[in-house]
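Structure, as structure tokens:
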Amino acid sequence: MAMAQPLRILGIDPGSQRTGVGIIEADATGRLRCICRATLVVVHEETFPLRLKRIYDELAAIIDAQAPVEAAIERVFMAKNADSALKLGQARGAAICAAVGRGLPVSEYAPNAIKQAVVGKGHAAKEQVQHMVGILLNLHEPLQADAADALAIAITHAHLRASELRTGVPLAAWGHRR
């Protein structure tokens, strides 16, 4: 079953200091268009719980304003230390709660799967991801890294979702988790 109207997808690159947000539209032909991109800078909040609240509140406001119908987020990877991993997990939780609280299904993708889908190499450099996101979305201005990563996550979801529709192979076979 093909998409009759463009599908609006929210991509989230979670972080305890900066969270990248990107929304794209994917039409039935596979054409992608950037709707919005932002970086939520929360590092200056007085306490860590206030950072989480700000991620939740700002992401919820973006969802309300831009009306995506699906969301995709980067899966947790090993951080430099346990404290960083815990904080990243909490930032992911705040972002997931904002999306689910607004009725969006949330899909998760591993960092290597995102790089593979966007660049063609699972171990691509951040600069390569930024460059390909710009090409795929026909963006001519420089992209901030966190926003580019969020757009890459949304692009990954759009590509894999389209592959599921074409082939009938479920997203789970592509490394997707809901």
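No value in this document is a laboratory result; all are computed from the given coordinates. Quick caveat, the model's predicted, so the values are computed rather than measured.
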Structure-based [θ]222 nm, the chain - -39500 (n - 2.57) summed over DSSP H runs of at least 4, per residue, nearest 500: -15000 deg cm²/dmol
Straight-line reach from Lys121: which aspartates and glutamates have Cα under 20 Å away, leaving out those fewer than 8 places along the same chain? Asp13, Glu74, Glu108, Asp146, Asp149
Residues with amide H under 5 Å from that of Ile35, placed H, sequence gap 5 or more: Ile23, Ile24, Glu25
What's the angle, to the nearest 10 degrees (0 to 90), between helix 48-66's Cα axis and the longest principal axis of the chain? 30
Computed Rg/Rh for the chain (Cα atoms; Rh = Kirkwood radius) stands at 0.95
Could you work out how far the C-alpha centroid of the stretch 1-54 sits from that of the stretch 87-129, in angstrom? 10
Highest-MSF residue in the chain out of Ala38, Ala71, Ala28 [GNM, Cα springs under 10 Å]: Ala28
Can you give me the angle between helix 126-136 and the longest principal axis of the chain, using Cα atoms only, in degrees from 0 to 90, rounded to the nearest 10? 40
Would you grab the residues whose amide H sits under 5 Å from the one on Ala72? Only those 5+ places off in sequence or on another chain, please, with H modelled 1.01 Å from N. Leu10, Gly11, Ile12, Ser107
Would you pull out the residues with amide H under 5 Å of Arg18's amide H, same chain only if 5 or more places away, H placed 1.01 Å from N? Val42
